[in-house]
Protein chains: 2
Amino acid sequence: MSAQETNGTLVPPSVHEAIGLRLAGLDQRYTPMRRVLVETLAQAGHPVTIPEILSSAPGLPQSSAYRNLTALMEIGVVRRVAGADDHGRFELAEELSGHHHHLVCARCGKVEDVHPSPRLERALGEAARAVAAEQGYEVTDHQLDLMGLCPLCVER
Amino acid sequence: MSAQETNGTLVPPSVHEAIGLRLAGLDQRYTPMRRVLVETLAQAGHPVTIPEILSSAPGLPQSSAYRNLTALMEIGVVRRVAGADDHGRFELAEELSGHHHHLVCARCGKVEDVHPSPRLERALGEAARAVAAEQGYEVTDHQLDLMGLCPLCVER
DNA sequence: TTGCGAGTGAGAATCATTCTCGGATACGCT
DNA sequence: AGCGTATCCGAGAATGATTCTCACTCGCAA
């Protein structure tokens, strides 16, 4: 089963619309390449490295991938997350992909998404505000990274 | 007032002892430079970049700083955390510095430590195990990053 | 059609980090 | 004390991810 068959749930047209509008507002264009990048990130379901992106879209020049990812970051559509290795990883902003946290394998560096229970989310939100206020910070966002071993690496 | 005068509370002798023992176990030495690095990280109270380390210890060669930080990472005494900018940040392992989370300023990249309330910590621990088990992960550690604006950047 | 601003791709440039290597230093052994 | 060996040190080169440059192309509007 290809991801295409279920893309209705993966990349709703409204997402592309929203991105197109934001780009237009800055006199920028939602080119096919940018669309491909957004689709790729959306369908991956976890933060993706540049090599992964390049191998999933053969022929795509590295410099263009970086340039467009940066452009998408600047309009707040894409976010960069740091993993265990020295490759940056890119994912769609939570605004588009839904709020989630990360499961990081300490051995192989893989990163997966996890979606928190409402109960945990409520506790996190409260705690974040309280703790941050103590130091004069104004928290807009939070992220929980769970470090451990993925199923494959557990078997050793 | 020099930091030396209060070092009793900042870097308990037991910490240096423990590090010395671990290094000895791997036929490595706890050299003065490594000791300085540990003191620096302990006294900073937040993750520190290489430039910060170098400017707080004039004359210290960059390559040596990296080499020794790496050595300390390999024995699990130092941990590397990624910030918003493209500089790695180093901190003492939680085992030595106490469990804590990070407050990250989205504007200036500064990172501060925050110490969680027991209630939050309990909720996080439980949630971590539950969520991770669902995907077959074995979680050993977790970290909460609170993103927002630091007091200085709020004033704009 | 023409003009202009944005996008593209190849390669060079940048910059944090890692590696290399000759010399200095510390610890174990006799 | 003297020696041998393994570790450590510092300076600079090498690596590699990311960013920049620039000439060319493309899409849109007048």
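Ranked from shortest, the separations from the 7 Å Cα-to-Cβ label point of B:ARG119 to its equivalents in the other copies are 1.6 nm. Across region B:33-45, rounded Karplus estimates of 3J(HN,Hα) from the backbone phi angles (6.51 cos²θ - 1.76 cosθ + 1.60, θ = phi - 60°) give 5, 5, 5, 4, 4, 4, 4, 4, 5, 5, 6, 5, x Hz, Gly and Pro being marked x. Mean per-residue shielding of peptide B:95-101 is 1, counting Cβ atoms of other chains within 10 Å of each Cβ.
Between the C-alpha center of region A:61-92 and that of region B:26-105 there is a gap of 27 Å. Of all chain B residues, the closest to the B-onto-A rotation axis by Cβ, with that distance in whole Å, is B:ALA82, 1. Between the residues B:VAL48, B:ALA71, B:HIS87, the greatest Cα displacement towards the positive end of the dipole of region B:1-98, with unit charges on the Cβ of Lys, Arg, Asp and Glu, is found for B:ALA71. Comparing B:VAL139, B:CYS108, B:ALA128 along the charge dipole axis of region B:93-156, the residue lying farthest to the positive side is B:CYS108, per the Cβ-charge model.
Amide H contacts of B:VAL78: B:MET73, B:ALA93, each under 5 Å away and 5 or more positions distant or on a separate chain (H built 1.01 Å from N in the peptide plane; Pro and chain starts excluded). Label point of A:ALA57 (7 Å along Cα→beta-carbon): distances to the other copies' equivalent points are 4.3 nm, sorted ascending. Amide hydrogen proximity for A:THR49: with H placed 1.01 Å from N in the peptide plane, the residues at 5 or more positions away or on another chain lying under 5 Å are A:PHE90. The smallest convex shape that holds all Cα atoms of the protein assembly as shown, its convex hull, gives 185 Å³ per residue.
When you work out D = kT/(6 pi eta Rh) for region B:1-98 at 25 °C and 0.890 mPa s, using the Kirkwood radius from C-alpha pairs as Rh and the Stokes-Einstein form, the result is 178 µm²/s.
Neighbouring Cβ atoms from other chains, within 10 Å of the Cβ of residues in B:81-89, number 2 on average. Note on chain B: with a GNM built from Cα contacts shorter than 10 Å, the maximum mean-square fluctuation among B:GLY83, B:GLY109, B:GLY59 falls on B:GLY59.
Between this copy and the others, label points of A:VAL154 are 4.2 nm apart in ascending order, each placed 7 angstrom from Cα in the Cβ direction.
Give the carbon-plus-sulfur fraction of the accessible surface of region A:1-97 in %, rounded to a whole number; probe 1.4 Å, heavy atoms of protein chains only. The nonpolar share, carbon plus sulfur, comes to 53 percent. Per-residue Karplus couplings for region B:84-98, computed as 6.51 cos²θ - 1.76 cosθ + 1.60 with θ equal to phi - 60°, are listed in order as 7, 8, 9, 9, x, 10, 10, 8, 5, 4, 4, 3, 9, 9, x Hz, Gly and Pro entered as x. Amide H contacts of B:HIS142: A:MET147, each under 5 Å away and 5 or more positions distant or on a separate chain (H built 1.01 Å from N in the peptide plane; Pro and chain starts excluded).
State to the nearest 20 debye the size of the charge dipole of chain B about its Cα centre, where the only charges are +1 on K and R beta carbons and -1 on D and E beta carbons.
My answer is approximately 260 debye.
For region B:106-116, putting each phi into the Karplus relation 6.51 cos²θ - 1.76 cosθ + 1.60 with θ = phi - 60° gives couplings of 6, 8, 9, x, 4, 10, 10, 8, 9, 9, x Hz, in residue order, rounded to whole numbers and with x for Gly and Pro.
For region B:99-156, pairs of C-alpha atoms spaced more than 18 angstrom apart make up 47 percent of the total.
The values are calculated or read from the model by the stated rules, or taken from the named source; none is laboratory data. All figures in this text were calculated on a predicted structure; none of them were measured in a lab. Quick reminder, even Gly has a Cβ in these numbers, built from the backbone with ideal geometry, and neighbours come from all protein chains shown. These accessible areas exclude ligands, DNA and RNA; they are computed on the full protein's heavy atoms, side chains included. Shrake-Rupley method; radii C 1.70, N 1.55, O 1.52, S 1.80 Å.
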